[in-house]
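Structure, as structure tokens:
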Amino acid sequence: MTGQSAGRGVIDEIQALLDPLREMHRRHQEALDEHRTADGDVIEEQYAEYEETRHTTAIEASETLDTVIQRLELLVATPARRAFTIALKGTGHAEGESPWLFVVNATDLDDAQRCLTQLPSYKRWLADIRTPDDTGPLSAADIVADQSHPGTRAPGMYIDLRHEEARILADRTGRRRTSPVPASGPPCAARPRAR
């Protein structure tokens, strides 16, 4: 990998972090705006609702910050952990259906496959596509090797599990704070693959 393509990979990783943060910020501002005038002042009769919304959005932002810190730490870790796309056969693969594309951070393709199999979203996907009698783990036969690679495609063409991966790592390291209000889920929700 050249220095220029490595730099492009880091920029892509940072962009993948910024997009869901911008979306979360937009959602938070819209939720707060419901209790503010056009000038930005809090509507007096809605002060309690405004404060409750501020509290809820602050908790989500705080928990998201833990995940973002973990993802940034993965970018500077040694050995370097970068985005890898793993292509897996779905139920219609034999009929020509495109593979499912998952993105995780890893050191290489083998590490990416191991990381993927540990994630709850992947396990749910696997349970959904397999027949009840097929309970085996991911195997080389499930992977579409010529479509598995370092990096990503255009957003929306893959299921991005990097936030989930980082959130689990943050939980394991004790970085995640607990709160009485549940988080609304990862800011970068998994999207279905393009067909």
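The values are calculated or read from the model by the stated rules, or taken from the named source; none is laboratory data. Every value quoted in this text rests on a predicted model; they were computed, and no experiment measured them. Positions of Cβ are generated from backbone atoms using ideal geometry, with glycine treated the same way; all protein chains shown enter the neighbour counts.
If only one of Pro155, Pro186, Pro182 is surrounded by 16 or more Cβ atoms within 10 Å (Cβ to Cβ), modelled with pLDDT under 70 and in a loop (DSSP other than H, G, I, E, B), which one is it? Let's see the steps before the verdict.
Numbers: Pro155 fails: surrounded by 16 or more Cβ atoms within 10 Å (Cβ to Cβ); Pro182 fails: surrounded by 16 or more Cβ atoms within 10 Å (Cβ to Cβ).
Answer to the check: Pro186.
Anything in segment 16-45 that is more than 30 Å from Ala83 (Cα to Cα) and surrounded by 14 or more Cβ atoms within 10 Å (Cβ to Cβ)? List them, or say none.
Result: Ala31, Leu32, His35, Arg36, Val42.
Across segment 64-87, what is the total count of residues that are touching a strand residue (DSSP E or B) at 6+ places or on another chain (Cβ under 6 Å) and part of a helix (DSSP H, G or I)? Working first, answer last.
Narrowing segment 64-87 to residues touching a strand residue (DSSP E or B) at 6+ places or on another chain (Cβ under 6 Å): 74, 81, 83-87.
Next, from what is left, pick out any that are part of a helix (DSSP H, G or I): 74.
Of the residues in segment 64-87, 1 are touching a strand residue (DSSP E or B) at 6+ places or on another chain (Cβ under 6 Å) and part of a helix (DSSP H, G or I).
Counting just the residues of segment 88-118 that are of a type in the set (Ser, Thr, Tyr) and more than 17 Å from Arg130 (Cβ to Cβ), which one comes out farthest from the chain's Cα centre (by Cα)?
Ranking the candidates gives Ser98 first.
In contact with a Phe, Trp or Tyr (Cβ under 9 Å, 6 or more places away or on another chain), among the polar types (S, T, N, Q) and either closer than 18 Å to Leu119 by Cβ or modelled with pLDDT of 80 or more (or both), is that true of Thr67? Before you say what the answer is, go through the steps one by one.
Values: in contact with a Phe, Trp or Tyr (Cβ under 9 Å, 6 or more places away or on another chain): no; among the polar types (S, T, N, Q): yes; either closer than 18 Å to Leu119 by Cβ or modelled with pLDDT of 80 or more (or both): yes.
In short, no.
Within segment 12-29, is even one residue more than 21 Å from the chain's Cα centre (by Cα) and at pLDDT 85 or above? Quick ask: steps written out before the conclusion?
Looking only at segment 12-29, we keep the residues that are more than 21 Å from the chain's Cα centre (by Cα), and these are 29.
Pick out the ones that are also at pLDDT 85 or above and you get 29.
For segment 12-29, residues more than 21 Å from the chain's Cα centre (by Cα) and at pLDDT 85 or above: present.
Look at Thr53 and say whether it is over 27 Å from Ala154 (Cβ atoms), hydroxyl-bearing (Ser, Thr, Tyr) and surrounded by fewer than 17 Cβ atoms within 10 Å (Cβ to Cβ).
Details: over 27 Å from Ala154 (Cβ atoms): yes; hydroxyl-bearing (Ser, Thr, Tyr): yes; surrounded by fewer than 17 Cβ atoms within 10 Å (Cβ to Cβ): no.
So Thr53 fails the test.
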